[in-house]
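Asks: The structure is given below, and queries will be raised subsequently.
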Amino acid sequence: MARIVLIGLEQAAAGQLCSALAVDSHEVEHHQSVAIRNLQDADIVFVGGEPGHYMPLLMQVRETMPALPFVVVTRVPETSAWLDALEAGATDYCSTPIEKRHVQWLMESALPQPRFAA
């Protein structure tokens, strides 16, 4: 079970993510904004909004918690915004509508997999 923080997402996108994440019983918090110190225990962050909203937070996260997966969620997918987000350090970028399989893939690719002893 992962601790997931949703920041600044529109209600529809937050609902789609929560629905997809409920399958695996993840702990999900939804905030319109959040202080960087409140992300220290997060396993992954999904952030919505315009680049002016998420880019400052992305920069802070990369400075203080470089390994924290940071996924940008947008209503309208744009190639230039996607590339800008990835170049700034986002782990991934997705658009609505959000499908359960896509969220599962994001979680699998962004979170470290547990290692089992032989």
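Asks: Going by amide H atoms built from the backbone, whose H comes under 5 Å of the H on THR74, apart from near neighbours?
Replies: For THR74, whose amide H was placed from the backbone, the distant partners under 5 Å are CYS94, SER95, THR96.
Asks: Could you run the Karplus curve 6.51 cos²θ - 1.76 cosθ + 1.60 with θ = phi - 60° over region 66-73 and give me ³J(HN,Hα) per residue in whole Hz, x for Gly and Pro?
Replies: Karplus values, whole Hz, x for Gly and Pro: x, 8, 5, x, 10, 10, 8, 10.
Asks: Could you identify which residue out of VAL34, VAL72, VAL47 has the top mean-square fluctuation in a GNM of the chain using Cα springs shorter than 10 Å?
Replies: Between VAL34, VAL72, VAL47, it is VAL34 that shows the largest mean-square fluctuation.
Asks: Restricting to bridges with both residues inside the chain, how much of the DSSP beta-bridge set is antiparallel, in percent to the nearest 5?
Replies: 0
Asks: Considering amide H positions built from the backbone, and no H for Pro or chain starts, which residues 5 or more places from ILE7, or on another chain, come under 5 Å of its amide H?
Replies: Here the answer is HIS31, PHE46, VAL47, GLY48, since their amide H atoms fall under 5 Å of that of ILE7.
Asks: At a 1.4 Å probe radius, carbon and sulfur cover how many percent of the accessible area of the chain?
Replies: 52
Asks: With springs only between Cα atoms under 10 Å, which of ALA81, ALA13, ALA22 fluctuates most in a Gaussian network model of the chain?
Replies: Comparing ALA81, ALA13, ALA22 in a Gaussian network model of the chain, the most mobile one is ALA22.
Asks: While we're on this one: Assuming 0.36 nm per residue, please report the length gained on full extension of the stretch GLU87 to GLU99 beyond their Cα-Cα distance.
Replies: Details: separation 12, 0.36 × 12 = 4.32 nm, distance 2.46 nm.
Full extension from GLU87 to GLU99 adds 1.9 nm.
Asks: Same structure again: Taking springs between alpha-carbon atoms closer than 10 angstrom, which of LEU83, LEU68, LEU21 fluctuates most in the Gaussian network model of the chain?
Replies: LEU83
Asks: For the chain, what mean projected area does the convex hull of the alpha carbons give, in nm²?
Replies: 7.6
Asks: Residues with beta-carbon under 12 Å from that of ALA90, excluding ALA90: net charge, scoring Lys, Arg +1 and Asp, Glu -1?
Replies: Computed value for this residue: -2.
The values are calculated or read from the model by the stated rules, or taken from the named source; none is laboratory data. This structure is a prediction, so every number in the text was calculated from the model and none was measured. Virtual Cβ from ideal backbone geometry, glycine too; neighbours counted across all protein chains shown. These accessible areas exclude ligands, DNA and RNA; they are computed on the full protein's heavy atoms, side chains included. Shrake-Rupley method; radii C 1.70, N 1.55, O 1.52, S 1.80 Å.
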